[in-house]
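> The structure that follows is given in the form of structure tokens.
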Amino acid sequence: MLLQYIANGIAIGMAYAIVALGYSIVFGILRLLNFSHAAVYAFSANMILVFMGWHFGIWGAVAVSIVATGLLAVCVNQFALKPLRKKNSDKVANLITTVGASYIIQNLMVMYLGSERKTFPFFYDFGVSIDIGFYTITSAQISMFVIAGLLLVFLTLIIRKTKVGLAMRGIEQNPLAANLMGINVEWIIAIAFFMGGASAAVGGALIGGYYQLAYPSMGVMVGNKAFASAVLGGLGVLHGAAIGGLIVGVLECLIIGYLGASYRDGIAFVLLIITLIIKPAGLFGKKNITKV
Amino acid sequence: MLLEIKDLNTRYGPIHALKGVNLSVNEGEMVTLIGNNGAGKTTLLNTLTGLVHAASGSVIFEGRDITNKPAHQIMRGGINMVPEGRQVFPSLTVEENLRLGAYLIDKPREIERGYESVYDLFPRLRERRRQNAGTLSGGEQQMLAIGRAMMRTPKVLLLDEPSLGLAPNLIMNIFEVLERIHRDGMTILLIEQNANLALDAADRGYVLETGRIVLEGKCSDLKRDPAVKKAYLGG
């Protein structure tokens, strides 16, 4: 059964990985843990159901929700975080504000959409599965892996190869100097938030579909697991977030298999604590070499 | 007149850092602003580039009022600054630093030409172009900061204390390059604590004391001025 658990874990781990990307991208540019990300992720899955109610069709609803969720993340930045940056507020104030923003988003969803669990369509299951001996890999697991993998490659290319990506890396290291290069720093930060929100939306669609459930507080547990993945891989490093997500996903499925499902949610936190004690920078975390 | 600062006032809370500063830079000129630590030199540059808010007065560049415009817009207009303390991007390579200097340029040809002219000015940077900027020596970082500002040939180059913290031979090297850039037609506003060097290199100078311009004139005249001699040139 070991290989079966690992296969299950890789599929769900890839979904954690792309939610983790959102933490990593924003941390990469602002050195800020954006705790509103979990609620933004929940928003995406819930909005897919709303858009489906408006007869967008599932794929249309996913597409619109990706844009809407990206814009929500931009709004969190523009209305909650940007005013704080303007006043040169303490980092901790920014951090607490993101926690506040997550409660506002989550509670607005409860107010307008209700707190109950709603069925989410398993839209990327094509009903095919590949049997290898005793193991079964479903087409849904493969799609999950492929979609998340493509997104990861796409975002990495943006950051490594494009001008916007170079601007992001410049701002990460020295916002003042980036500004002096003629970079509109606030605009680039907004793009980073959009990328984080939009990838959370892809994660929301995949995970919502996988468990066939969506509800306003669904972000709490997945958000924490994704956060643990991002820290494990090294915040600010995209491939680190991906590998962190895979490790969390695989260990979780192994625990479900060998210890029972009641322990599944604990492993992410155990990993988080171990990482923070042994290697706080994460597996692939960069140490900044600064020579003055 | 390319750049004109009129009656500029800047305050940090209760501190009145710039008190009605007037300064102008003509096209092709190298102007220096000297003054002691805390006189307000960096504040002047930061105010004129939009990093610090001006309380009153105006900054006119090419006939347009750019007072309190966002820094990135002012840079777009053709002003470039080499900030105090070099401010390179430590974990990016030398070449990536230069690429960011050309952020506002889209044509690959022009960017290539930029690299070539910078490597021509500072051959050492060519040798180290794949190296992270954080691993360079202080002098090399200063070369990189100047090179980065030259990538997109600016209309005026502002420099904030390029000699700060460098060994004398490196300072000479940097100043030789600045004079060469100036001979090639670049307009420069140089802020320096090292008055000897600055007054030798520049055409015209201003002396800033506690937020006020107290003297201005040709550098050759300033060097002979007894007050300047006493306060800035070591007797």
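Only the coordinates and a few stated rules stand behind these numbers; no lab work does. These figures come from a predicted structure and were not determined experimentally. Reconstructed Cβ throughout: ideal geometry from the backbone, glycine too, with neighbour counts over all protein chains shown.
> By how many degrees, between 0 and 90 and to the nearest 10, does the Cα long axis of helix A:58-75 differ from the longest principal axis of chain A?
For A:58-75 against chain A, the angle is about 30 degrees.
> Taking R0 as 56 Å, what FRET efficiency do you get between B:V214 and A:L84 from their Cβ-Cβ distance, rounded to the nearest 0.05? Can you show the working numbers first?
Numbers: r = 40 Å, r/R0 = 0.71.
Plugging the Cβ-Cβ distance into 1/(1 + (r/R0)^6) gives 0.90.
> Could I ask something else about it? Once label points are set 7 Å from the Cα along Cα→Cβ at both B:K107 and A:V99, what is their separation, rounded to one decimal in nm?
In this crude label model, B:K107 to A:V99 measures out at 5.4 nm.
> If Lys and Arg each add +1 and Asp and Glu each add -1, what is the summed charge of the other residues whose beta carbon sits under 12 Å from the beta carbon of B:S58?
Values: positive: B:K6, B:R64, B:K69; negative: B:E4, B:D7, B:D65.
It works out to a net charge of 0.
> Round to the nearest 0.05 the FRET efficiency obtained for A:F56 and B:T93 when R0 = 41 Å and r is the Cβ-Cβ distance.
Once rounded, the FRET efficiency stands at 0.35.
> For segment B:115-194 and segment A:21-59, what is the separation of their Cα centres, given in Å?
The distance from the Cα centre of segment B:115-194 to that of segment A:21-59 comes to 45 Å.
> Further, regarding this structure: Determine the shielding of peptide B:138-149 by partner chains: average, over its residues, the number of Cβ atoms on other chains within 10 angstrom of each Cβ. Could you put the intermediate results ahead of the total?
Values: counts 2, 0, 1, 2, 0, 0, 0, 2, 0, 0, 3, 2.
Mean number of neighbouring Cβ atoms from other chains: 1.
> Could I ask something else about it? Rule-of-thumb check for the protein assembly as shown: C-alpha Rg over 2.2 N^0.38 Å?
On the way: Rg = 27.8 Å, N = 527, 2.2 N^0.38 = 23.8 Å.
After normalising by residue count via 2.2 N^0.38 Å, the value is 1.17.
> Within the P(r) computed for chain A, what percentage of the Cα pairs occupies the region above 37 Å? Don't jump to the answer; show the numbers that get you there.
Numbers: 5057 of 42486 pairs.
For chain A, the fraction of Cα-Cα distances above 37 Å is 12 percent.
> Per DSSP helix of 4 or more residues, -39500 (n - 2.57); summed, then divided by the residues of the protein assembly as shown. What does that give at 222 nm, rounded to the nearest 500?
On the way: 22 runs with 298 residues, N = 527.
Rounded to the nearest 500, the figure is -18000 deg cm²/dmol.
> Just to verify a number: FRET efficiency for A:V110 and B:N36, C-beta to C-beta distance, R0 = 60 Å, to 0.05?
Working: r = 61 Å, r/R0 = 1.02.
According to the calculation, E is roughly 0.45.
> Extending each Cα 7 Å along its Cβ direction at A:K279 and B:E62, get the distance between those two points in nm, one decimal.
The two pseudo-label positions are separated by 5.1 nm.
> Hydropathy at least -0.5 by Kyte-Doolittle, axial extent at least 15 angstrom from the Cα trace: which helices of chain B, defined as entire DSSP H runs, fit?
Those that clear 15 Å and a mean of -0.5 are B:138-150, B:168-183.
> Positive end of the dipole of chain B, charges at C-beta (+1 Lys, Arg; -1 Asp, Glu), about the Cα centre: which of B:Y12, B:G35, B:P83 has its Cα farthest in that direction?
B:Y12
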